[in-house]
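The values are calculated or read from the model by the stated rules, or taken from the named source; none is laboratory data. Not measured: the values here are computed from a predicted model. Ideal geometry is used to build each Cβ from the backbone, glycine not excepted, and the neighbour counts take in all protein chains shown.
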Amino acid sequence: MAALLRRCKTLPWLLLAVTLMGCMVPAATREVIVPIISEITPESCTQQLQSLLALGPRFAGDADETRRTVEYLEEKLRLLGYPVQREAVGRWRGIEQVNLIVEIEGLVDPTIVVEVGAHYDTVRNCPGADDNGSGVAGLLEIARVLVHHRPERTVRMCFFAAEEVGLVGSRAHVDRILADSSRRVDGLLDLEMIGYRVHEQGSQDAPVRIPLIAAIPHRGDFILVAGNFQSGGLGNIFERCVDQYVPDLKYFSANRIAGFFGDAARSDHFPYWQAGLRGIMLTDTANFRNPHYHRPTDTIDTIDFDFLCAVTRATTAAVIEWGGVVAPPSEVARSEQNRAQCRSQNALHADISGIDATPR
Ligand SMILES: [Zn+2]
């Protein structure tokens, strides 16, 4: 009987705890993410890539091609509503190279920066639809749908120059990150060829296949998530977003282990790894799947836009989760209502239990 009384005494506290749990402001992430990523479609990705490829090749060693590409991207981002920063990264073969940077200032922790990037250059005489028009189209889509987003941390989008000639743009960018003590960059999601997919068995090659550790499938229908050990947490965010928001997208996780493979170092995330920063490369695996890699046949008709769209949606979701979400005004109003409702319920429980539930 005494035990029963003791249990009864705990009941009001239990009720209170359950009520408070229900009253916690909802993360609202799902409600924010789903409508935003739904704006990205295979059609919108097609348009992005088509317009970019109309410029022709984008070789860093060609002054006209480089100028044309930079001006195009700059104008595109301005029209979306971003102030665009030209980040000078020096000359390559006498030609001035610039990264283009746009930011959405964080509203809670603006000094913490989350980055998503893609290189815009190609090798000589190559349309570069997959390498890396696909990554640039994806990044432009991310910029387009996030322009009114209100992140907690600063979201930075980087269009890197001259990747094909030695990671020139990203190396200089990382140097700048290291020199800027006023901000802390939390890592980079690197879009490096995200448009080529094949469903046939035997379409996927691999530098090495290690059972249980790096058992890369033989069908080239997945996106590879490549991260070194330190970047594991960032890779997890992307993979969780695929699971939650784009479940039809297949991925192969080389998260945490890719740092052991030389081929996984061949893009703009690598200077991040070298500097001890986090970096994840999202890739269709380039020459291990795409026979048009670095050839004049890397054209738009080889691109799978459902795949490009799916990877871009998952990346967008990851950027939102990683950068945090400040609730839009309607959300704030709703959670205020929720809190008011909770206060009256708490008062009710206080009456029942005889305790004072006034917040202190
Ligand atoms: Zn590339």
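Odds and ends about this structure:
- Selection of first residues in region 191-209 that are closer than 16 Å to L249 by Cβ and of second residues that are of a type in the set (A, V, I, L, M) and part of a loop (DSSP other than H, G, I, E, B), restricted to Cβ pairs under 8 Å at least 6 apart or on distinct chains, gives the following pairs, ordered by first then second residue: G195/I303; Y196/I303; Q204/V198; Q204/I216.
- Scanning region 89-109 for residues that are more than 18 Å from the chain's Cα centre (by Cα), assigned to a strand (DSSP E or B) and over 18 Å from G61 (Cα atoms) gives a single hit, D109.
- Test: G56 is modelled with pLDDT of 95 or more, of a type outside the set (A, V, I, L, M) and in contact with a Pro (Cβ under 6 Å, 6 or more places away or on another chain): no
- Odd one out for G135, checked against (1) touching a helix residue (DSSP H, G or I) at 6+ places or on another chain (Cβ under 7 Å); (2) within 16 Å of the ligand (Cβ to nearest atom); (3) over 24 Å from D180 (Cβ atoms): (1)
- When region 211-243 is filtered for residues that are of a type in the set (G, A, S) and touching a residue at least 12 places away in the same chain (Cβ under 8 Å), the ones remaining, listed by number, are A214, G220, A226, G227, S231, G232, G233, G235.
- Qualifying residue in region 80-88 (condition: touching a residue at least 40 places away in the same chain (Cβ under 8 Å), part of a loop (DSSP other than H, G, I, E, B) and within 20 Å of P271 (Cα to Cα)): no
- Any hit, region 309-321, residues being crowded, with 18+ Cβ neighbours inside 10 Å and over 16 Å from the mean Cα position of the chain (by Cα): no
- When residues in region 253-271 are screened for being more than 16 Å from the ligand (Cβ to nearest atom) and either touching an Asp or Glu at 6+ places or on another chain (Cβ under 7 Å) or more than 27 Å from V174 (Cα to Cα) (or both), 2 of them pass.
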